[in-house]
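Worksheet: the structure to be examined is printed underneath.
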Amino acid sequence: MSRLFFASLLAALLSGLVGCGPSGTPKIETVKAPTPDPVAVAKNILTNYANGQPVTSEATSFPDVVSRVKDKDPAKGEILEKGLEDIKAHPASAQAKAKELLKKL
């Protein structure tokens, strides 16, 4: 009796290993997402301000945004840096300043 039990247990275990698994390993593809245009990122932030959004915690990312814009276009980076510093210092005037900056970018 015990031999029959162990034989059936072994058969059950082996049949579980055979299964319907994949016939091959799927190919792994690496996709690199395009880096967003830093000027477009800055314009998006400014558009939100121009539409009346208040200045909140995103102001902490201004130096990084300015740095990336300066890498692409130093002149626009300088304009943006001065404008964002003004917005950060005077958040109540963000809407008007953002509209002005959007025209320059």
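The set of residues from the range 55-82 being basic (Lys, Arg), in contact with a Pro (Cβ under 8 Å, 6 or more places away or on another chain) and surrounded by 15 or more Cβ atoms within 10 Å (Cβ to Cβ) comprises just one member, 68.
Of all residues in the range 34-49, those that are closer than 19 Å to residue 96 by Cα have Cβ atoms under 9 Å from Cβ atoms of residues that are assigned to a helix (DSSP H, G or I) and of a type in the set (S, T, N, Q), 6 or more apart or on another chain, in 45/61; 49/95. Just to be sure before I move on: is residue 70 free of Cβ contacts under 8 Å to residues at least 12 places away in the same chain and within 21 Å of the chain's Cα centre (by Cα) in the structure I sent? Criteria met by residue 70. Looking across the range 83-101, the residues that are exposed (fewer than 13 other Cβ atoms within 10 Å of the Cβ) and among the aliphatic types (A, V, I, L, M) come down to 89, 92. Considering (1) of a type in the set (A, V, I, L, M); (2) within 11 Å of residue 105 (Cβ to Cβ); (3) surrounded by 18 or more Cβ atoms within 10 Å (Cβ to Cβ), the lone condition that residue 50 does not fulfil carries the number (2).
Values in this text are rule-based calculations from the coordinates and carry no lab data. Note that the structure is predicted; figures quoted are calculated from it, not measured. Positions of Cβ are generated from backbone atoms using ideal geometry, with glycine treated the same way; all protein chains shown enter the neighbour counts.
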